[in-house]
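Asker: Supplied in structure tokens, the structure appears directly below.
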Ligand code: AMP
């Protein structure tokens, strides 16, 4: 007896996140985990289903010297625990699909060429995503590889939300406002359709607030505006990323301070955001419990930018029917949600403090004109569903 499954992979610079889904019906997760510190002191963490204990151990350097060997280690573990599982499709999270891809794609040679061509658009993520696909191609030469893009959900932005006011040739070269976290927004929007179809048909702002953070304005299930732009650096402040800054700051750092572009990039991506402002941590839990002014200021800035963007996105949508929180902070931090919603009755938001403290799904009062909700996101299942769909399509072709 074999069991049809799909493996989903999310390859980062030094990590490989994976999950295994039974796809005989609606995808059901069987296992989830990650290898971290690939190429340095790798460690494996895995949850292999309810009946089995959590596996967590240091790996020998050779077991995860690169993405290829890390995947081989993961597969050995999965084969040991799920001997009947047969993966004929592997789904990959790919950060950038460029202007062309607005849907998940089966990875053919031309698609792979296009993904490589897009690497300069996301130099910190895309090469690792590609390494993950190549590792899976080597491990499963007969399986379909499916790429699911973080940009795809936003590809139908109206043009004025797709452009920068740079010379037109740059738009043609692909310098556009792509938007990211699309797999998360697709999941949340799909959940809204299932549980509150009238809201899904309306004007919704989703706040994905995690270590990476962005917001998206969704009209009738379609993204019309996002706080992230050309890269996943724009918009809200994040754990270590700065969010929106005046590009003039870059000129100043380079011309007046003599920094190299790599140094500036490192500051913007790794030393800014909550970490940079607080000087303590990128972790919201740590900041919430740190009673020092710099931590308060970092939180104040985070909340202020979210409220500002909420107003802008509501204007882009022509009003607001629902605000949905997701991501580690959005799903868990009562304090941050309360501070974001405080005094926003003018936009139709009235938070129910008891429901918010209970972490309920609906956290607005019955008098609130717009609904406030918490919907835990699930990017992996979006990939698993796409992998199953493309496998079925290829079998039918
Ligand atoms: P993510 O990247 O979605 O996993 O989210 C990570 C962020 O969520 C970190 O800043 C965590 O501190 C934050 N987070 C997780 N749980 C909580 C919590 N209970 N309260 C406040 N922040 C939390």
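We did not get these values from a lab; they are worked out from the coordinates using the rules stated. If you're wondering where the values come from, they're calculated on a predicted model, not measured in any experiment. Cβ sites come from the backbone with ideal geometry, for glycine too, and all protein chains shown count toward neighbours.
Asker: In degrees between 0 and 90, to the nearest 10, how far off the longest principal axis of the chain does helix 379-396 point, with axes built from Cα atoms?
Answerer: Rounded to the nearest ten degrees, it is 50.
Asker: Here's something else I'd like to know. In what sequence do 66, 150 fall when counting other Cβ within 10 Å, fewest first? Walk me through the intermediate numbers first.
Answerer: Details: 66 12, 150 27.
With the fewest neighbours first, 66, 150 line up as 66, 150.
Asker: I would also like to ask the following. What is the angle, in °, between the Cα long axis of helix 67-81 and the longest principal axis of the Cα atoms in the chain? Nearest 10 is fine, range 0 to 90.
Answerer: On a 0 to 90 degree scale, this one is about 70.
Asker: Quick one: give the max-minus-min coordinate of the C-alpha atoms of region 203-326 along each principal axis, largest first, in Å.
Answerer: Projected onto its principal axes, the Cα set of region 203-326 covers 47, 35, 17 Å.
Asker: Could you order peptides 360-369, 224-233 by the average number of other Cβ atoms within 10 Å of their residues, highest first? The partial results should precede the final answer.
Answerer: Details: 360-369: 15.2, 224-233: 22.9.
The peptides rank, most packed first, as 224-233, 360-369.
Asker: Return the ratio Rg/(2.2 N^0.38 Å) for region 55-139, where Rg is computed over Cα atoms only. Walk me through the numbers before you get to the answer.
Answerer: On the way: Rg = 14.8 Å, N = 85, 2.2 N^0.38 = 11.9 Å.
The value comes to 1.24.
Asker: Could you give the semi-axes, largest first, of the ellipsoid that matches region 291-351, computed as the square roots of 5 times the alpha carbon gyration tensor eigenvalues and rounded to whole Å? Walk me through the intermediate numbers first.
Answerer: Values: eigenvalues 97, 33, 23 Å².
Output for region 291-351: semi-axes of 22, 13, 11 Å.
Asker: Just the C-alpha atoms of region 106-198: what Rg/Rh do they give, with Rh taken as the Kirkwood radius? Could the numbers behind the result be given before it?
Answerer: Numbers: Rg = 16.2 Å, Rh = 15.5 Å.
That ratio is 1.05, to two decimals.
Asker: Between residue 60 and residue 108, how many nm apart are label points set 7 Å from Cα along the C-beta direction?
Answerer: 4.2 nm
Asker: For residue 195 and residue 353, what is the calculated FRET efficiency with R₀ set at 22 Å and r taken between the beta-carbons, to the nearest 0.05?
Answerer: On the way: r = 23 Å, r/R0 = 1.03.
Calculated value: 0.45.
Asker: Does anyone have the angle between helix 261-270 and the longest principal axis of the chain? Alpha-carbon axes, 0 to 90°, nearest 10?
Answerer: For 261-270 against the chain, the angle is about 80 degrees.
Asker: A further question follows. For the chain, what is the relative contact order in percent, using Cα pairs closer than 8 Å and at least 6 residues apart in sequence? Walk me through the numbers on the way to the answer.
Answerer: Values: 809 pairs, mean separation 54.5, N = 397.
It comes to 14 percent, rounded to a whole number.
Asker: Can you tell me the convex hull volume per residue for the chain, based on C-alpha atoms, in Å³ to the nearest whole number? Could the numbers behind the result be given before it?
Answerer: On the way: hull volume 66.2 nm³, N = 397.
Convex hull of Cα atoms, per residue: 167 Å³.
Asker: Still on this structure: In which sequence would 128, 181 go, from the one with the fewest C-beta neighbours within 10 Å to the one with the most? Before the final figure, lay out each step's value.
Answerer: Values: 128 21, 181 29.
So the residues, fewest neighbours to most, are 128, 181.
Asker: Run through all the Cα pairs of region 1-103 and give the fraction in each 10 Å bin from 0, expressed as whole percent.
Answerer: In order of increasing distance, the bins hold 15, 44, 31, 10, 0 percent.
Asker: Springs between alpha-carbon pairs under 10 angstrom, Gaussian network model over the chain: which of 109, 257, 331 fluctuates most?
Answerer: Maximum fluctuation in the GNM of the chain, among the listed residues, is at 257.
Asker: Test of understanding: what is the full-extension gain from residue 142 to residue 86, defined as 0.36 nm times their sequence separation minus their Cα-Cα distance? Numbers along the way, then the final one.
Answerer: Numbers: separation 56, 0.36 × 56 = 20.16 nm, distance 1.13 nm.
Extending this stretch completely gives an extra 19.0 nm.
Asker: Can you give the translational diffusion coefficient of region 349-397 in µm²/s, computed by Stokes-Einstein from the Kirkwood radius over Cα pairs at 10 °C and 1.306 mPa s? Present the calculation step by step, with values, prior to reporting the outcome.
Answerer: Details: Rh = 13.4 Å.
Value of D from the Cα-based Kirkwood radius: 119 µm²/s.
Asker: Based on the mean of other Cβ atoms within 10 Å per residue, sort peptides 76-82, 94-100, 199-205 so the most packed one is first. Please report the intermediate quantities before stating the final value.
Answerer: Numbers: 76-82: 14.7, 94-100: 22.3, 199-205: 20.7.
Averaged packing, sorted descending, gives the order 94-100, 199-205, 76-82.
Asker: Above 21 angstrom, tally the Cα pairs of region 267-395 and express them as a % of all pairs, no decimals. All intermediate terms of the calculation are to be shown ahead of the outcome.
Answerer: Numbers: 4294 of 8256 pairs.
Value for region 267-395: 52 percent of Cα pairs lie more than 21 Å apart.
Asker: Please figure out what share of the DSSP beta bridges in region 1-111 is antiparallel and state it in percent, rounded to the nearest 5.
Answerer: Details: 23 of 30 bridges.
If I count the DSSP bridges inside region 1-111, around 75 percent turn out antiparallel.
Asker: Here is a follow-up. Using only Cα atoms, figure out Rg for region 255-326 and give it as a multiple of 2.2 N^0.38 Å. List each step's numbers first, then the result.
Answerer: Values: Rg = 16.1 Å, N = 72, 2.2 N^0.38 = 11.2 Å.
Here the answer is 1.44, to two decimals.
Asker: So, one more: Antiparallel versus total DSSP beta bridges in the chain: what percent is that, nearest 5? Before the final figure, lay out each step's value.
Answerer: On the way: 38 of 61 bridges.
Of all bridge pairs located within the chain, approximately 60 percent are antiparallel.
Asker: A further question on this structure: Which values of log₁₀ I(q)/I(0), to two decimal places, follow from the Debye formula for region 184-237 at q = 0.19, 0.27, 0.28 Å⁻¹ with a uniform point scatterer at every Cα?
Answerer: For the requested q values the scattering log ratios are -0.62, -1.02, -1.07.
Asker: Same structure, new question: For residue 124 and residue 41, compute 0.36 nm times the residue count separating them, minus their Cα-Cα distance, and round to one decimal in nm. Intermediate values should be presented prior to the final figure.
Answerer: On the way: separation 83, 0.36 × 83 = 29.88 nm, distance 2.06 nm.
Result for the pair: 27.8 nm of gain on full extension.
Asker: Please list log₁₀ I(q)/I(0) at q = 0.28 Å⁻¹ for region 221-279, using the Debye equation with identical point scatterers on the alpha-carbon positions.
Answerer: These q points yield log10 I(q)/I(0) values of -1.17.
Asker: Turning to a different aspect of this structure: Residues of region 87-113 with backbone nitrogen within less than 12 Å of a virtual label 7 Å along the Cα-to-Cβ line of residue 2, please, listed as ranges.
Answerer: Zone members listed by number: 87-89.
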